[in-house]
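Sharing a structure below in structure tokens format, with a few things to ask.
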Amino acid sequence: MQSDRKGLIYVAVAVCFFSLSPKLVRWAAASLTAYEIAAGRLLTAAIAILLLAFYRGDVLPACADWGCFLVFDLITALHFALYIGSLAFTTIAHSLALVYTAPIFVAFFSWLYLDEGLSGRKWLGTLITAIGVAVLAGFEPKFDRRMLTGDLMALGSAVCFGL
């Protein structure tokens, strides 16, 4: 029972952070660039994970694995930079709708690189999601080149997340 309560608290905290993220990014963008915001978020997360690892007594990865971690870190940094940058060009609704297409890319890349199968139901779900996002993004009365730039950045963020 204690672990269930603890899990619910973690979920509530995570929901608060994720739901406030776009607003906090817009607020921070008044004085910081997208790259500074992304770097700050990643540095904060890295320090928190490192402190938690030391607290738990976890061992750091072997030196041979650091190259992979560097690639993953660069992809993660690009994901956050594109997501945060997209908020300066498009609406929060567009940005989040496009970034949340990431499961499509996760499924695609796992099929492509990990030889994981995609059942008909997964392909159907992917298609429905893509159509839903296209409909949502297509009904914008003030769509212009600036929004297109932001939308493409958000889509690039989703691709990075999928990787």
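The values are calculated or read from the model by the stated rules, or taken from the named source; none is laboratory data. Remember, it's a predicted structure, so these values are computed and weren't measured experimentally. Don't worry about glycine lacking a Cβ; one is built from the backbone with ideal geometry, like all the others, and counts go over all protein chains shown. Protein only, heavy atoms only, side chains kept; ligands, DNA and RNA dropped before computing areas. Shrake-Rupley method; radii C 1.70, N 1.55, O 1.52, S 1.80 Å.
Would you confirm whether or not the range 103-121 contains a residue that is under 16 Å from residue 21 (Cβ atoms) and in contact with a Leu (Cβ under 6 Å, 6 or more places away or on another chain)?
No: zero hits.
While we're on this one: Checking the condition more than 19 Å from residue 21 (Cβ to Cβ) and not basic (Lys, Arg), which residue from 70, 78 passes?
70
Quick one: count up the residues across the range 4-27 that are among the hydrophobic types (A, V, I, L, M, F, W, C) and either closer than 13 Å to residue 81 by Cα or in contact (Cβ under 8 Å) with a residue 12 or more places away in the chain (or both).
Residues in the range 4-27 being among the hydrophobic types (A, V, I, L, M, F, W, C) and either closer than 13 Å to residue 81 by Cα or in contact (Cβ under 8 Å) with a residue 12 or more places away in the chain (or both): 1 in total.
Among the listed residues 96, 136, 118, which satisfies the condition of being more than 22 Å from residue 39 (Cα to Cα) and either of a type in the set (Val, Ile, Thr) or part of a helix (DSSP H, G or I) (or both)?
None of the other options fit; the residue is 136.
Within the range 46-66, is even one residue under 30 Å from residue 149 (Cβ atoms) and outside any loop (DSSP other than H, G, I, E, B)?
So far as the range 46-66 goes, yes, one or more of its residues are under 30 Å from residue 149 (Cβ atoms) and outside any loop (DSSP other than H, G, I, E, B).
Would you call residue 87 farther than 18 Å from residue 163 by Cβ and modelled with pLDDT of 85 or more?
Taking the combined requirement at face value, the residue satisfies it.
Check whether at least one residue in the range 63-77 is open to solvent by 50 Å² or more (accessible area, probe 1.4 Å), at pLDDT 80 or above, out of contact with any Cys (no Cβ under 8 Å at 6 or more places or on another chain) and among the small types (Gly, Ala, Ser), and report yes or no.
No; the residues of the range 63-77 include none that is open to solvent by 50 Å² or more (accessible area, probe 1.4 Å), at pLDDT 80 or above, out of contact with any Cys (no Cβ under 8 Å at 6 or more places or on another chain) and among the small types (Gly, Ala, Ser).
Quick grid of which residues meet (1) open to solvent by 50 Å² or more (accessible area, probe 1.4 Å); (2) among the hydrophobic types (A, V, I, L, M, F, W, C); (3) in contact with a Gly (Cβ under 9 Å, 6 or more places away or on another chain); (4) without any contact (Cβ under 8 Å) to a residue 60 or more places away in the chain:
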site	(1), (2), (3), (4)
112	yes, yes, no, yes
132	no, no, no, yes
143	yes, yes, no, yes
147	no, yes, no, yes
